[in-house]
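In what follows, a structure is listed as structure tokens, so that the remarks can point back to it.
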Amino acid sequence: MPTVLNIPNAELDAVVEFDPVIIGKMSQSGPRYTSYPTADRFTAEFGYGNFLEALAALRMRGGRRPLSLYVHVPFCDTLCYYCACNKIITKDRSKAATYLSYLKQEIAMQARLFAGMNQIEQLHFGGGTPTYLSEKQMDELMTHLRQHFEFASDEDGEYSIEIDPRTVTRERVFSLRAQGFNRISLGVQDFDDAVQKAVNRIQPEAETVAIMQAARDAGFRSISIDLIYGLPKQNLETMTETLRKVIAASPDRIALYHYAHMPHLFKPQRRILDADMPDSSTKLAMLGLCIARLTAAGYVYIGMDHFAKPTDELAIAQRQGRLHRNFQGYSTRAESDLIACGVSAISSVGAVYSQNEKTLDAYYEKLDEGMLPIARGIKLDTDDVLRRIIIQMLMCNFELSISSIEQAHPVQFRSYFSTELEQLRTLAQDGLLIIEDDWLTVTPKGRLLIRNICMVFDRHLAQARALAAAAPDCVQPLRYSQTV
Ligand code: SF4
């Protein structure tokens, strides 16, 4: 029987329904829609010149709107076996020093390009492990950023950093707050000893809880933790205990990711023993358990993998229809262009996405030539822009006003998307959404399968699948994780 999970003291819109039968039937591999078109559609034909064109177009439109800035630090001390990120495992700290000198060059170049429209309202440090940098290196980097960009006040800006609790002390947490960060995100994944051992990430609970307390004492406005379900050695018992500890620690936000075991694609995952992996029914049951426990504890289901306290800015933004989705997940800053600095980082400026070189050598080489280190990207056409808005609205608000799309874009929704509406009707029959004259509304049951619903509007995915079906031997398989 499906379980409807009502959240105490939260509005009806914070209800999510876990239905294992429909999830089992519908789950498939699909994009996470941190961008549309998704990054696998970027091509090397897109280069520095295209980025400059996009910027010029932004200036022509009088583009002084707040910016988001992402800074990527790719280094980690040790390898977590489940990791599928673009990271560099090294204990050789001199590599970080070289990287920083190039990163600062890129930041200075971007700042020159955005001169006059360089007000930052959102900053995010991700990785890898941003706290791989020493306190002094971080200090210098933040000073460099402030010299080149204008930052909104601490009160108005959202300045976040991902930390690995194993790499920081209480004092370091206070330094990060003093350096300007006001939101912090901790990688936890699981508190169980056997699970931590199986993924090579030994992180005692007491250490994590102490760092969370330090973040509170230092005045961080939002504390987020990452969990993963589907890891080796996990089962319902270990997950129950981890959830108990997580809820007791009371983070403001929780990101609950599904572990996609793809050892053929990600080498580190080959160190995970197949025999230790939970089967798919256990994984599904763990997901149900996580949703039940977190929502019963008062967390609001934001969407995809995210939960937040009703008082957290993310939940408030969702209630007010201001939620946005970008490469860092959900965000409260809807209209920002995103400048991303660092190896493999992805920028979103106007109607283009551009991704930096993925290897350090290639990244350094382009900067040595005086160019932004762009490796690939995509320029959106009007159809992409339209579909991006639709996917964004569905992912963030779980509803779409057809008339609002028609007012903003020169299309008759029902004829333009007649094929998509046909596909949506099938999903509606399964109870995932309601189609009315003016509204598409995702039901509580459909919320967990929001990626499936968005996939209907993904023209590029449809084309790629058609191509793969026509010539299976000539086309690279699509590399997406399971939608649930
Ligand atoms: S999970 Fe995070 S800390 Fe672990 S190897 Fe990957 S990027 Fe590094």
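The values are calculated or read from the model by the stated rules, or taken from the named source; none is laboratory data. Just so it is clear, the structure is predicted and the values come from calculations on it, not from any experiment. Reconstructed Cβ throughout: ideal geometry from the backbone, glycine too, with neighbour counts over all protein chains shown. These accessible areas exclude ligands, DNA and RNA; they are computed on the full protein's heavy atoms, side chains included. Shrake-Rupley method; radii C 1.70, N 1.55, O 1.52, S 1.80 Å.
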(request) Can you pull a Stokes-Einstein diffusion coefficient for the stretch 227-313 at 25 °C (0.890 mPa s), Rh from Kirkwood over Cα pairs, as a whole number of µm²/s? (result) 178
(request) Roll a 1.4 Å probe over the protein heavy atoms and report the accessible area of Ser134 in Å², nearest 10. (result) 50
(request) Would you tell me the accessible area of Arg170, worked out with a 1.4 angstrom probe on the heavy atoms of the protein chains, in Å² to the nearest 10? (result) 100
(message) So if I take the centroid of the Cα atoms in the stretch 444-471 and the same for the stretch 344-393, what is the distance between those two points in Å?
(response) 22
(request) Find the relative contact order for the chain and round it to a whole percent, using C-alpha pairs within less than 8 Å whose residues are 6+ positions apart. (result) 22
(request) Add +1 for every Lys or Arg and -1 for every Asp or Glu among the other residues with Cβ under 11 Å from the Cβ of Gly350, and state the total. (result) +2
(message) What's the magnitude of the charge dipole for the stretch 300-445 around its Cα centre, counting Lys and Arg as +1 and Asp and Glu as -1 at the beta-carbon? Answer in Debye, nearest 20.
(response) 280
(request) Kindly state, to the nearest 0.05, the FRET efficiency for Ala115 paired with Glu237, given R0 = 56 Å and r defined as their beta-carbon distance. (result) 0.45
(message) Using DSSP to call loops (not H, G, I, E or B), can you name the GluC sites (Glu not before Pro) in the stretch 154-217 whose Cβ has at most 11 other Cβ atoms within 10 angstrom?
(response) Glu155
(request) Just the ratio, please: alpha-carbon radius of gyration of the stretch 14-118 over 2.2 N^0.38 Å, N its number of residues. (result) 1.56
(message) Heavy atoms only, 1.4 Å probe, whole protein assembly: order Leu449, Leu284 by accessible area, highest first.
(response) Leu284, Leu449
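Quick one: accessible area per residue over the chain, 1.4 Å probe, rounded to a whole number of Å²?
On the way: 20150 Å² over 484 residues.
Value returned for the chain: 42 Å² of accessible area per residue.
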(message) Suppose every Lys and Arg Cβ carries +1 and every Asp and Glu Cβ carries -1, with no other charges. What dipole size does the chain come out with about its Cα centre, to the nearest 20 debye?
(response) 500
(request) Would you calculate, for the chain, the mean residue ellipticity at 222 nm contributed by helices, counting each DSSP H stretch of 4 or more residues as -39,500 (n - 2.57) and dividing by all residues, to the nearest 500? (result) -12000 deg cm²/dmol
(message) Would you report the distance distribution of C-alpha pairs in the stretch 200-256 as whole percents per 10 angstrom bin, up to the bin with the largest distance?
(response) 19, 54, 23, 3
(message) Let me check something: with ligands and nucleic acids excluded, how do Asp192, Asp279, Asp458 order by accessible area (1.4 Å probe), largest to smallest?
(response) Asp279, Asp192, Asp458
(request) For the chain, with all protein chains present and a 1.4 Å probe, just round the carbon and sulfur fraction of the accessible area to a whole percent. (result) 53
(request) Choose one of Gly350, Asn397, His124: the residue whose Cα lies farthest towards the positive end of the charge dipole of the chain (beta-carbon charges +1 Lys, Arg; -1 Asp, Glu; about the Cα centre). (result) His124
(request) Treat every Asp and Glu Cβ in the stretch 174-273 as -1 and every Lys and Arg Cβ as +1, leave all other atoms uncharged, and give the resulting dipole magnitude about the Cα centre to the nearest 20 debye. (result) 360
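Kindly sort Tyr259, Tyr102 by accessible area of their heavy atoms, largest first, with the probe set to 1.4 Å.
From most exposed to least exposed: Tyr102, Tyr259.
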(message) If I model a spin label as a point 7 Å beyond the Cα along the Cα-Cβ vector, how far apart are those points for Ser404 and Asp139 in nm?
(response) 4.7
(message) Please compute the alpha carbon radius of gyration of the chain, then divide it by the globular-protein estimate 2.2 N^0.38 Å. Two decimals is fine.
(response) 0.95
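Say the cut-off is 19 Å between C-alpha atoms; which of Lys91/Lys136; Lys309/Lys445; Lys95/Lys136; Lys95/Lys358 go over it?
Violating the 19 Å limit, Cα to Cα: Lys309/Lys445.
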(request) Round to the nearest 10 and report in Å² the accessible area of Lys136, as given by a 1.4 Å probe over the protein chains' heavy atoms. (result) 140
(request) Express as a percent, rounded to the nearest 5, the fraction of DSSP beta bridges in the chain (both residues included) that run antiparallel. (result) 45
